[in-house]
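Peer 1: This structure is in structure tokens; I'll ask about it shortly.
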Amino acid sequence: MNDNNRLALHTTTQISDNPLLPQFEALRAAFLRAGPTSYEHRIAALKRLRQAIVDHHEQILEAVNADFGHRSRHETFFADVIGLLGEIRHTRKHLKKWMRPRRAGWSPQFPLARARIHYQPRGVIGIIGPWNVPVLLTLSPLVGAIAAGNRALIKTSEFCPRTAEVVTAIVGQAFTPDEVAVVNGGAEVAGHFSALPFDHLIFTGSTQIGRIVMRAASENLTPVTLELGGKSPTIISDDYPLDIAAGRIAQGKMLNGGQACIAPDYVFVPTGRRDQLVEALAVAVQKSYPTLAGNPDLTWIVNDRHYQRLQAHIADARAKGAQVVPLNAGGAPVPAGERVLPLTVLLGVTDDMSVMQEEIFGPLLPVKTYDDLAEVIAYVNSHPRPLALYHFDDNASRTERVLEQTVSGGACVNDVLFHVAHEGLPFGGVGPSGIGRYHGFDGFVTFSHQKSVLYQSRWSVQSLIRPPYGPGLERVMRLALRWL
């Protein structure tokens, strides 16, 4: 039985038989007992989380490296450590303002009343983390959950067991077990976890597993945030400098071995510039990765299964007529046992190839050509909505045309990936690439209940429309039709 089937099986378990229920109920009881936490309490919790991450940063680097076989120390530091610390800093700076009730504005139907939106913690938040950026994407939702005043239960990825131990230690240092708790394990544990009656559940992972998680959550009417993936297109205009575009695309595609949900999945380039793009990519790879074998800056594919999956994509594309161009700058073969792939450009791809049907999640880069921008927009719109879209163009009107006429979770102009690092921008997908969003204020809102409150005045207009109704009210009704 594969992991998907096991997860589907265990999400049907009766809630009373769920082995994780005692941990969940302890968190729920603590939340109800303590009530909403103060600003000072939340800030203190965020400070403790920050300190625990700093204290464990070397363990983070070592554990993630061990789980991947090899992962660039610098990539882990900036993604999993600095990314988290930056988000905590941003949240601490703005939290007091976020927590204030927000005025809802004046309504002509309630001229003397006041209306406000109060932000309340939801309760117990469930967080299912992924393996590809295992610390950032597991603890980043926790920042928003804590800022909003919640308790949390975290499920780490079974593909990164050493990192899971470090995450458990970080949480153990920063929180008591009835504030935040961690569970580790495989598909069976994930199934039990998804079946718990959380007040909100956030999952980061594949679209396929996201469907199973959402189905399980629906049994409890648990609201979900699903951070999924998809095929994020990159579009290069006919006059944008190819050396700049290629350098940034190569960086984004090779970062973390291409194992990022927002990695550029395929590239559209004008027909006459295709070969120039390949040459520019080769130059960019040569500068950044002069050799593949033993290169400390290259992140390995996480395990043999994913490595073989990528090799199968290459074989399928080649068999169906694609030209396969591996950009191995040094030319030396990769030693057996190192799960390293060069940036591999695929030319002449068609939609019947598996590499154009599935999210790649690795350093394979299909290149498609176009003669008119309308073709590109039509192609993107005829496929599932992506998590990200990238457009390289100095022409503002063309860029606005692409942004307005396509739908994607997020977008980045003249670069790739880095929109996700801006704390002021919400992160999330649309349709098959995700539901909901978080980061910064949007994370605070996602994990808060927005309670609508009307403060009625001593004298109210509504007192004029109580029964018994009469001719006077008929005149008011006619006036309202003209006024409103």
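Peer 1: Restrict the check to the range 395-404 and report whether at least one residue is in contact (Cβ under 8 Å) with a residue 12 or more places away in the chain and under 29 Å from ALA148 (Cβ atoms).
Peer 2: Taking every residue of the range 395-404 in turn, none turns out to be in contact (Cβ under 8 Å) with a residue 12 or more places away in the chain and under 29 Å from ALA148 (Cβ atoms).
Peer 1: Still on this model: So the check is Cβ under 9 Å with 6+ separation or different chains; which pairs have a first residue in the range 24-43 that's farther than 21 Å from GLN450 by Cα and touching a residue at least 40 places away in the same chain (Cβ under 8 Å) and a second one that's surrounded by 14 or more Cβ atoms within 10 Å (Cβ to Cβ) and among the charged types (D, E, K, R)?
Peer 2: So the pair list comes out as ALA26/ASP178; LEU27/ARG151; LEU27/ASP178; LEU27/GLU179; ALA29/ASP178; ALA30/ARG151; ALA30/ASP178; ALA30/GLU179.
Peer 1: ASP239 passes all but one of (1) open to solvent by 60 Å² or more (accessible area, probe 1.4 Å); (2) assigned to a loop (DSSP other than H, G, I, E, B); (3) out of contact with any Asp or Glu (no Cβ under 8 Å at 6 or more places or on another chain); which number fails?
Peer 2: The one condition ASP239 does not meet is (3).
Peer 1: A further question on this structure: Among the listed residues ALA312, ALA284, ALA332, ALA293, identify the single one that is assigned to a helix (DSSP H, G or I), open to solvent by less than 50 Å² (accessible area, probe 1.4 Å) and not polar (S, T, N, Q).
Peer 2: After ruling out the rest, the residue left standing is ALA284.
Peer 1: Could we say that ALA319 is at pLDDT 95 or above and either closer than 26 Å to VAL407 by Cα or hydrophobic (A, V, I, L, M, F, W, C) (or both) here?
Peer 2: Criteria met by ALA319.
Peer 1: Here's something else I'd like to know. Scan the range 296-309 for residues that are open to solvent by less than 50 Å² (accessible area, probe 1.4 Å) and either outside any helix (DSSP H, G or I) or more than 27 Å from TRP131 (Cβ to Cβ) (or both) and jot them down.
Peer 2: Across the range 296-309, the qualifying residues are LEU298, THR299, TRP300, ILE301, VAL302, ASN303.
Peer 1: If you scan the range 254-281, which residues turn out to be open to solvent by 30 Å² or more (accessible area, probe 1.4 Å) and small (Gly, Ala, Ser)?
Peer 2: The one that is open to solvent by 30 Å² or more (accessible area, probe 1.4 Å) and small (Gly, Ala, Ser): GLY272.
Peer 1: Kindly indicate whether any position in the range 228-236 is of a type in the set (S, T, N, Q), touching a residue at least 12 places away in the same chain (Cβ under 8 Å) and farther than 25 Å from ILE127 by Cβ.
Peer 2: Scanning the range 228-236 turns up at least one residue that is of a type in the set (S, T, N, Q), touching a residue at least 12 places away in the same chain (Cβ under 8 Å) and farther than 25 Å from ILE127 by Cβ.
Peer 1: Another question, if that's okay. Just the residues that are farther than 17 Å from GLU58 by Cβ and either among the β-branched types (Val, Ile, Thr) or touching a strand residue (DSSP E or B) at 6+ places or on another chain (Cβ under 7 Å) (or both), please, taken from the range 160-177.
Peer 2: Result: VAL171, THR176.
Peer 1: When the range 340-354 is examined, which residues are found to be surrounded by 20 or more Cβ atoms within 10 Å (Cβ to Cβ) and more than 20 Å from ASP275 (Cβ to Cβ)?
Peer 2: VAL340, LEU341, MET353
Peer 1: If you check every pair at least six apart or on different chains, which have Cβ atoms under 9 Å apart with a residue in the range 447-470 that is within 12 Å of ALA113 (Cβ to Cβ) first and a residue that is among the aromatic types (Phe, Trp, Tyr) second?
Peer 2: Filtered contacts from the range 447-470: LEU454/PHE110; GLN456/PHE110; SER457/PHE110; SER460/PHE110; VAL461/PHE110; GLN462/PHE110.
Peer 1: Out of the strands (runs of 3 or more DSSP E) lying entirely within the range 91-185, which hold 1 or more residues that are open to solvent by less than 20 Å² (accessible area, probe 1.4 Å) and among the aliphatic types (A, V, I, L, M)?
Peer 2: Passing ranges, in order: 124-128, 151-155, 180-183.
Peer 1: Just name the residue that is most open to solvent (accessible area, probe 1.4 Å) out of those in the range 48-90 that are touching a helix residue (DSSP H, G or I) at 6+ places or on another chain (Cβ under 6 Å) and part of a loop (DSSP other than H, G, I, E, B).
Peer 2: So, considering only residues that are touching a helix residue (DSSP H, G or I) at 6+ places or on another chain (Cβ under 6 Å) and part of a loop (DSSP other than H, G, I, E, B), the one most open to solvent (accessible area, probe 1.4 Å) is HIS56.
Peer 1: Report every pair of residues separated by at least 6 positions or lying on different chains whose Cβ atoms are under 7 Å apart, first residue within the range 255-269 and assigned to a helix (DSSP H, G or I), second of a type in the set (Ser, Thr, Tyr) and buried (at least 24 other Cβ atoms within 10 Å of the Cβ).
Peer 2: Close Cβ pairs (under 7 Å, with a partner that is of a type in the set (Ser, Thr, Tyr) and buried (at least 24 other Cβ atoms within 10 Å of the Cβ)) amount to ASN256/THR299; GLY257/THR299.
The values are calculated or read from the model by the stated rules, or taken from the named source; none is laboratory data. Everything numeric in this text was worked out from a predicted model, so none of it was measured. Here Cβ is always computed from backbone atoms with ideal geometry, including for glycine, and neighbour counts include all displayed protein chains. Surface accessibility is based on the protein's heavy atoms, side chains included, excluding ligands, DNA and RNA. Shrake-Rupley method; radii C 1.70, N 1.55, O 1.52, S 1.80 Å.
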